[in-house]
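The values are calculated or read from the model by the stated rules, or taken from the named source; none is laboratory data. In this text, all values refer to a predicted model and were calculated from it rather than measured experimentally. Quick reminder, even Gly has a Cβ in these numbers, built from the backbone with ideal geometry, and neighbours come from all protein chains shown. Please note that ligands, DNA and RNA were not included when accessible areas were found on the heavy atoms of the full protein model with its side chains. Shrake-Rupley method; radii C 1.70, N 1.55, O 1.52, S 1.80 Å.
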Amino acid sequence: MIAVIDYGMGNLHSVAKGFAKVGVEARVTSDPRAVVEADGVVLPGVGAFGDAMFNLRHLGMLDAIRRVVKEGRPLLGICLGMQLLFSESEEHGRHVGLHLIPGKVRRFQGDFKIPHMGWNDLTICRPDHPLVDGVKNGDFVYFVHSYYAEPQDPGVVVADTDYHVRVPAIVAKDQVMGMQFHPEKSSDIGLRMLRNFADLCGERVGQA
């Protein structure tokens, strides 16, 4: 079972429905025990970074997430959830993140439309990563965000996109992964990546 963390931010059920479309059970939960017991965990989210960290802390999710990572189970952050994987964000001040991937989250700066909203194409940087199995350069996915991740190690970027700067679209450090876009809103390509993530969770079950 894949646990989708409910911490009061974002349309979490649309992520669960995305998994259901590819035949995978995903359960929306706000119970840290269910997160600890899951084969894989998804951290979605829409909203402000600081509020998200407050809610996760209030629910007792921080220790649960860190235990999942320590035990080597797959963790996927989506949109705001991906940003939370990083060390800190400059959104409305400075806020400390989960620090699972070293780096900062910065706001887009420039004379262009913010947020970055709509379909944009991917450039695959690590074609051997299982999360992008079946995904090609130029495939389009759906973004909605005003902030973007700036990892310390460029090697964690699996795919990026261009929005006046190079924007990490998919990141991965060991079993910790993130997608800045919304895979559940990204048609067949997004569903393929949800299936790929589920397969990673299944492989772990098979090897346990």
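Tabulated data for the structure shown
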| item | result |
| --- | --- |
| Breaking point among (1) out of contact with any Gly (no Cβ under 9 Å at 6 or more places or on another chain); (2) surrounded by 15 or more Cβ atoms within 10 Å (Cβ to Cβ); (3) within 22 Å of Lys21 (Cβ to Cβ), for Tyr148 | (3) |
| Scope region 5-22; condition small (Gly, Ala, Ser) and without any contact (Cβ under 8 Å) to a residue 24 or more places away in the chain; matching residues | Ala16, Ala20 |
| Qualifying positions in region 29-59 - outside any helix (DSSP H, G or I) and open to solvent by 40 Å² or more (accessible area, probe 1.4 Å) | Ser30, Asp31, Asp39, Val46, Gly47 |
| Number of positions in region 160-171 that are assigned to a strand (DSSP E or B) and either in contact with a Cys (Cβ under 6 Å, 6 or more places away or on another chain) or surrounded by fewer than 23 Cβ atoms within 10 Å (Cβ to Cβ) (or both) | 5 |
| Residue pairs meeting the criteria (Cβ under 6 Å; at least 6 apart or on separate chains; first farther than 20 Å from Val69 by Cα, in region 100-112; second in a strand (DSSP E or B) and of a type outside the set (Val, Ile, Thr)) | Val105/Phe86; Val105/Ser89; Val105/Tyr147; Val105/Ala149; Arg106/Glu150; Arg107/Tyr147 |
| Test: residue in region 61-75 that is closer than 16 Å to Val171 by Cα, surrounded by fewer than 16 Cβ atoms within 10 Å (Cβ to Cβ), within 16 Å of the chain's Cα centre (by Cα) and not hydroxyl-bearing (Ser, Thr, Tyr) | no |
| Complete set of residues in region 125-135 that are among the charged types (D, E, K, R) and open to solvent by less than 60 Å² (accessible area, probe 1.4 Å) | none |
| Whichever residue in region 1-28 is among the charged types (D, E, K, R) and part of a helix (DSSP H, G or I) and, among such residues, is most open to solvent (accessible area, probe 1.4 Å) | Lys21 |
| Of all residues making up region 84-94, the number that are touching a strand residue (DSSP E or B) at 6+ places or on another chain (Cβ under 7 Å) and open to solvent by 10 Å² or more (accessible area, probe 1.4 Å) | 5 |
| Of residues in region 95-124 being touching an Asp or Glu at 6+ places or on another chain (Cβ under 6 Å) and either modelled with pLDDT under 95 or open to solvent by 20 Å² or more (accessible area, probe 1.4 Å) (or both), the one nearest to Asp51 (Cα to Cα) | Val96 |
